[in-house]
Amino acid sequence: MNKDNNVARENNPVTLPADCIYEIIQYFVNDVKTLHSCIVLNQTFCQISIRILWSNPFKYVQDEIKRSLIFQTYFSCLDDEEKEQITTFLKKSVSYFPKPFINYPSFLQEFEINDIQASMKTFLRQYYSAAPTENRINSIVRILNPFIEKLLFNEQSNFKYVNIDLNYHQVSVERNQIDMSSFDNEILERVLSNIKKFSFGFNFKFDTKKMEFLKYVQRNASILTNIISNHNKDIQHVRFSFTLLHAREHRSRSNKLIKIRTEYDKLLEILKSFILSLNNLKSIETHCFSKNFDFAKLFIKHSHSLVYLKLHDIYSCSIVLSIIDRCPNLRTIELTSFYFNGAVNDVDVISVFDKPITTTLNHLKNLYVKISHSPVLKLFERIVLMSNNGLKTLFYGRQDIYSPFINHNVTPTIQPLCANLTHLFIIVTAGREFSCTISFMKSLQHLVHLKLSCSNSLKDDAITELALSFSQSLKILEMDFLVVPERLKVLLENVRCDLKEINIYARINDAILRVIMDYAIKKNSLKKFRYVNDKSVLYFYQPQLTSQILEEAKELFIVEDSAEPFTKSFLKSIF
């Protein structure tokens, strides 16, 4: 009986339900090679993998030519009558674009207008033996846009994310971009009613020729935000990205620029009203609005629902503090850039930060701040003091290495509240800051991932002391400073942790790779090494990396020449 049962099992292998397979695939949803391998396993794996890959195919393909193939697949999904209106421009017959058995556009869940438009243009250019003019390509794009609307925005559409980024790169570009304000209102309403994330942006230079484009952006902003305000008030994630009106443009007395400024202000009012119309925002990413507007009041309605805040181009630390004081449930704060016109009013800022802390950020786990001035340092310190020892990831960077706060040292103040950090970005410099930094590093007993930027003036004994300060729990080390083999060797010979991954944001040579290999042989823990193979990244020497040493290294660990940007946040972006 047992023998018969075993034979039956071999002939009828166990099949998992589709829901289980979907959950399994989520563990490697960003691994393109594995997803492609799953396609050939069986029918269920194939169906699920294809849906994931085509939910936002542009996310999985970075090469421009390969992206055009994505659009070619979309184009093939049109009816033959529709293709005929375009194929004459391509000098190809309709049969050259056979309709696939799978309706790939129906799987799209993340609509990003820039990816669609750029891929469309690359797709069109490949059918010309001589490079076509931009006007020629644009004229075809204008014909093709309505078909793309029909293909992607219909009764089958099931978008989770819509990203409308309208950028003026050249004359009359607005005539080429998909105009969302001209879409069928009923279909647009149906699609926008179900999305979970919405991004809207625009970028252009302020001059009298841009009025038509500004009106075009206004129309799109108005129709999209009105529909979401009326039919999807509980949308949780919103992002705005827009051109800032600089002081010189604001002060201009030119009648034409005054008219542009008036229309620009109307556009910002549309975005402000949209935020105020929503009910339960969980995350918002935006540039700060003009100084003439009480920016903090936008957050009053969302003070208890907001858990993620990301701000760009901040003109006032007091404004940020006012927002944070109103949002006690924040889990993530990212403050990426500050700008101050003229001298910073330190007296006013210091008086604000001297007030007693009344809000405790008990849920704050992630803090990202690029520090440019002394007031920003005070703001950073204040936020950490509000965090109640709950921080897990901390990005403590500088917006400008030559910024005036260079002699300040905040680590003794924040050290008691950072004991539970697992991810840290920090800049280590020589001088009076060094000993405090070492003390801070030694206090981090749970650190897993360290992004380390060092001054090249550090001597061997300082590098040794720095290496000994690393927690034994550390697994990933990233560095962006000029890598000298002798200094790197000192660092790796003195670390007490077993690193699984080392990333160097620089071009490397054989000597550097040899140091990494020696560490891997000694520790037997290193699984991956990444570096930057970018000739535009200039250093004081011209590194030489030979294929022989590279192949030897690949016998010991995975080698990749595509290290991500060093200043990228530890957190995966919501958008």
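The values are calculated or read from the model by the stated rules, or taken from the named source; none is laboratory data. All values reported here derive from a predicted model rather than from experimental measurement. In this analysis, Cβ positions are derived from the backbone assuming ideal geometry, glycine residues included, and neighbour counts consider all displayed protein chains. The protein model used for the area step is the full one, side chains on, heavy atoms only, and it has no ligands, DNA or RNA in it. Shrake-Rupley method; radii C 1.70, N 1.55, O 1.52, S 1.80 Å.
Of the residues in region 195-212, how many are of a type in the set (S, T, N, Q) and either assigned to a strand (DSSP E or B) or in contact with a Phe, Trp or Tyr (Cβ under 9 Å, 6 or more places away or on another chain) (or both)?
Initial filter on region 195-212 (of a type in the set (S, T, N, Q)): 199, 203, 208.
Still in the running and either assigned to a strand (DSSP E or B) or in contact with a Phe, Trp or Tyr (Cβ under 9 Å, 6 or more places away or on another chain) (or both): 199, 203.
Total meeting the criteria: 2.
Take region 92-102 and flag every residue that is open to solvent by 60 Å² or more (accessible area, probe 1.4 Å) and under 39 Å from the mean Cα position of the chain (by Cα).
Passing the criteria: Lys92, Tyr96, Pro98, Lys99, Phe101.
Among what's in region 179-193 and is assigned to a helix (DSSP H, G or I) and more than 26 Å from the chain's Cα centre (by Cα), pick the residue that is surrounded by the most Cβ atoms within 10 Å (Cβ to Cβ). Step through it out loud before you land on a result.
Taking region 179-193 as the starting set, the residues that turn out to be assigned to a helix (DSSP H, G or I) are 180-182, 185-192.
With the extra rule that they be more than 26 Å from the chain's Cα centre (by Cα), the set shrinks to 181-182, 185-190.
Details: Ser181: 15, Ser182: 14, Asn185: 11, Glu186: 9, Ile187: 15, Leu188: 21, Glu189: 17, Arg190: 16.
Looking at residues that are assigned to a helix (DSSP H, G or I) and more than 26 Å from the chain's Cα centre (by Cα), I get Leu188.
Among the aromatic types (Phe, Trp, Tyr), in a loop (DSSP other than H, G, I, E, B) and either open to solvent by 20 Å² or more (accessible area, probe 1.4 Å) or modelled with pLDDT of 90 or more (or both) - does that describe any residue in region 213-232? Let's see the steps before the verdict.
Of region 213-232, the ones among the aromatic types (Phe, Trp, Tyr) are 213, 216.
Filter once more, so that each one left must be in a loop (DSSP other than H, G, I, E, B): none.
Checked against the condition, which is being among the aromatic types (Phe, Trp, Tyr), in a loop (DSSP other than H, G, I, E, B) and either open to solvent by 20 Å² or more (accessible area, probe 1.4 Å) or modelled with pLDDT of 90 or more (or both), region 213-232 yields no hits at all.
Quick one: which residue in Lys196, Lys210, Lys272 is open to solvent by 80 Å² or more (accessible area, probe 1.4 Å) and either modelled with pLDDT under 85 or at negative phi (or both)? Outline the logic, then answer.
Values: Lys210 fails: open to solvent by 80 Å² or more (accessible area, probe 1.4 Å); Lys272 fails: open to solvent by 80 Å² or more (accessible area, probe 1.4 Å).
After applying the criteria, what remains is Lys196.
Tell me, yes or no, whether region 121-128 has at least one residue that is over 28 Å from the mean Cα position of the chain (by Cα) and hydrophobic (A, V, I, L, M, F, W, C).
Taking region 121-128 first, the residues over 28 Å from the mean Cα position of the chain (by Cα) are 124-128.
Filter once more, keeping what is hydrophobic (A, V, I, L, M, F, W, C): 124.
Yes, region 121-128 contains a residue that is over 28 Å from the mean Cα position of the chain (by Cα) and hydrophobic (A, V, I, L, M, F, W, C).
In region 245-269, what residues are under 12 Å from Phe289 (Cα atoms) and either loosely packed, with under 15 Cβ neighbours inside 10 Å or modelled with pLDDT of 80 or more (or both)? Walk me through how you get there before you give the answer.
Filtering region 245-269 down to residues under 12 Å from Phe289 (Cα atoms) leaves 245-246, 264-265, 267-269.
His246, Tyr264, Asp265, Leu267, Leu268, Glu269, listed by residue number.
If the Cβ limit is 6 Å and pairs must be 6+ apart or interchain, which residue in region 41-56 that is over 14 Å from Phe28 (Cα atoms) pairs with which residue that is assigned to a helix (DSSP H, G or I) and open to solvent by less than 20 Å² (accessible area, probe 1.4 Å)?
Once the first residue is over 14 Å from Phe28 (Cα atoms) and sits in region 41-56, its partners that are assigned to a helix (DSSP H, G or I) and open to solvent by less than 20 Å² (accessible area, probe 1.4 Å) give Thr44/Ile21.
Within region 316-336, can one find any residue that is surrounded by fewer than 16 Cβ atoms within 10 Å (Cβ to Cβ) and either within 22 Å of the chain's Cα centre (by Cα) or within 25 Å of Asn226 (Cβ to Cβ) (or both)?
No; the residues of region 316-336 include none that is surrounded by fewer than 16 Cβ atoms within 10 Å (Cβ to Cβ) and either within 22 Å of the chain's Cα centre (by Cα) or within 25 Å of Asn226 (Cβ to Cβ) (or both).
Of the conditions (1) over 20 Å from Asn145 (Cα atoms); (2) within 27 Å of the chain's Cα centre (by Cα), Asp207 clears all except one; give me its number.
The number of the failed condition is (2).
Just the residues that are under 18 Å from Leu488 (Cα atoms), open to solvent by 30 Å² or more (accessible area, probe 1.4 Å) and aliphatic (A, V, I, L, M), please, taken from region 433-472.
Across region 433-472, the qualifying residue is only Leu468.
Checking the condition within 31 Å of the chain's Cα centre (by Cα) and among the β-branched types (Val, Ile, Thr), which residue from Ile521, Ile508 passes? Before you say what the answer is, go through the steps one by one.
Values: Ile521 fails: within 31 Å of the chain's Cα centre (by Cα).
Unique residue meeting the criteria: Ile508.
Given the structure, is Glu478 buried (at least 19 other Cβ atoms within 10 Å of the Cβ), touching a Lys or Arg at 6+ places or on another chain (Cβ under 7 Å) and within 24 Å of Gln62 (Cα to Cα)?
Details: buried (at least 19 other Cβ atoms within 10 Å of the Cβ): yes; touching a Lys or Arg at 6+ places or on another chain (Cβ under 7 Å): yes; within 24 Å of Gln62 (Cα to Cα): yes.
When the stated conditions are applied, Glu478 passes them.
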